[in-house]
Ligand SMILES: Nc1ncnc2c1ncn2[C@@H]1O[C@H](COP(=O)(O)OP(=O)(O)OP(=O)(O)O)[C@@H](O)[C@H]1O
Ligand SMILES: [Mg+2]
């Protein structure tokens with residue numbers, strides 16, 4: 001898995017980044033999620049009487065013996081920017097294609113705005129899809145590609161021209177209006193496909209890896225653009241991506257998929273802070289996972305005896321566990337304090353030797369080899385006023401974390 005790279009685009013700075021606890025701001029910008037529409041309190045999924053705009057009900061898709069999507073149940077709400085995230089081949093595109101009507105579920109139903117659309121053809125659904133392979137017409141110019149769907153609908157030419165111009169302006173394609181797809185770069189072609197999907201003004205927009213062909217900087221800008229378009233049109237967006245940072249940046253909620261199964265659905269903040277499994281914890285951001293067995297549970301404090309190192313970790317966690325149960329403690333690197341001196345609190349302190357240091361400007365990563373041979377990563381801000389002695393290779397160090405920062409995982 002690729003860890004989150006340092007933020008290199010300016011868009012990150014616009015967002016209100018959430019991350020609880022005593023996290024240094026540097027690490028929030030680096031790997032913490034933004035909150036979706038921070039001021040609006042937008043969270044329709046918390047409202048039990050709010051009907052979803054899209055409902056997948058026990059949807060399974062088999063190709064021969066192969067199960068591409070396995071009994072997925074999922075609700076998506078109006079105006080959400082919903083991300084399907086997962087590694088290649090986990091079933092993201094298949095799920096989206098079933099919603100668009102290009103694949104039929106083997107089992108289960110798909111309901112849109114209260115209507116069972118499982119048997120409706122694609123053109124009768126209030127959705128429009130931007131494909132992973134943009135599927136542009138090579139013989140048509142940019143503007144006629146964008147207007148294609150509208151001409152099919154029989155829309156008046158004057159209205160088509162307005163819509164096409166609006167869509168081209170949104171993705172900055174005006175200068176390329178008269179070009180053909182083979183006269184455009186990959187990223188520009190992708191923007192044509194995006195503009196074509198936007199021009200239709202669907203109620204639900206499906207985007208399959210819409211930014212895959214863009215470089216890191218353009219991608220950051222395009223994410224911001226997508227969010228702007230989504231917010232200004234009030235359309236429900238469902239985006240497929242295998243880029244966890246992208247999902248964290250743009251979405252109201254994320255479904256993390258694993259081999260056809262939905263592993264977890266939550267806001268970016270909750271996925272990051274409260275992953276439900278090692279799979280999800282590992283998929284989003286960097287994480288340290290310490291294995292152990294529950295040795296005591298009392299008053300909301302769980303004691304975990306470290307599997308192959310000395311010591312017991314104390315953690316406050318709502319997880320329902322019993323003494324003797326095997327568990328994993330997930331700790332984000334920015335929650336680990338790294339010091340030369342033994343910390344005053346002996347609680348949750350382990351020692352080790354620095355194996356590797358990654359300097360990233362405002363922060364550094366320290367990879368520390370601890371008692372059981374495991375490498376544990378800690379982050380530390382590189383502040384100019386630091387009175388602490390610099391930590392470097394081969395140094396003997398201590399890692400310590402507060403009891404309320406770790407997440408106890410049972411799977
Ligand atoms: N028409 C098909 N026939 C047989 N197998 C298929 C078909 N379409 C998809 N699959 C298989 O179903 C699985 C899920 O495919 P899908 O395209 O949904 O993956 P994905 O999550 O979108 O991956 P990627 O990130 O690589 O696009 C894959 O293993 C794929 O090979
Ligand atoms: Mg795909």
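Values in this text are rule-based calculations from the coordinates and carry no lab data. Remember, predicted model here, so these are calculated numbers, not experimental data. Note that we place each Cβ from the backbone using ideal geometry, even for glycine, and neighbour counts take in every protein chain shown.
Every residue in the range 309-355 that is more than 22 Å from residue 411 (Cβ to Cβ) and in contact with a helix residue (DSSP H, G or I) (Cβ under 6 Å, 6 or more places away or on another chain), please. Result: 334, single match.
Residues in the range 203-212 that are assigned to a loop (DSSP other than H, G, I, E, B) and more than 18 Å from the chain's Cα centre (by Cα): 1 in all. Among the residues of the range 50-57, is any more than 16 Å from ligand 1 (Cβ to nearest atom), in a strand (DSSP E or B) and more than 16 Å from residue 239 (Cβ to Cβ)? Scanning the range 50-57 turns up at least one residue that is more than 16 Å from ligand 1 (Cβ to nearest atom), in a strand (DSSP E or B) and more than 16 Å from residue 239 (Cβ to Cβ).
Note on the range 328-340: among residues that are in a loop (DSSP other than H, G, I, E, B) and in contact with a strand residue (DSSP E or B) (Cβ under 7 Å, 6 or more places away or on another chain), the one that is farthest from residue 286 (Cα to Cα) is 340. The set of residues from the range 227-259 being more than 15 Å from the chain's Cα centre (by Cα), outside any strand (DSSP E or B) and closer than 26 Å to residue 125 by Cβ comprises 228, 229, 230, 231, 232, 233, 234, 235.
A quick yes/no check of all residues on (1) farther than 27 Å from residue 53 by Cβ; (2) in contact with a strand residue (DSSP E or B) (Cβ under 9 Å, 6 or more places away or on another chain):
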site: 142; (1), (2): yes, no
site: 158; (1), (2): yes, no
site: 171; (1), (2): no, no
site: 178; (1), (2): yes, no
site: 184; (1), (2): yes, no
site: 188; (1), (2): yes, no
site: 196; (1), (2): no, yes
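Inspect all residues belonging to the range 223-230 and state whether any of them is within 16 Å of ligand 2 (Cβ to nearest atom), surrounded by fewer than 20 Cβ atoms within 10 Å (Cβ to Cβ) and over 28 Å from residue 401 (Cβ atoms).
Within the range 223-230, the first condition is being within 16 Å of ligand 2 (Cβ to nearest atom), and the residues that meet it are none.
No, every residue in the range 223-230 fails to be within 16 Å of ligand 2 (Cβ to nearest atom), surrounded by fewer than 20 Cβ atoms within 10 Å (Cβ to Cβ) and over 28 Å from residue 401 (Cβ atoms).
Taken together, the residues in the range 81-106 that are farther than 17 Å from residue 259 by Cα and within 16 Å of ligand 1 (Cβ to nearest atom) amount to 7.
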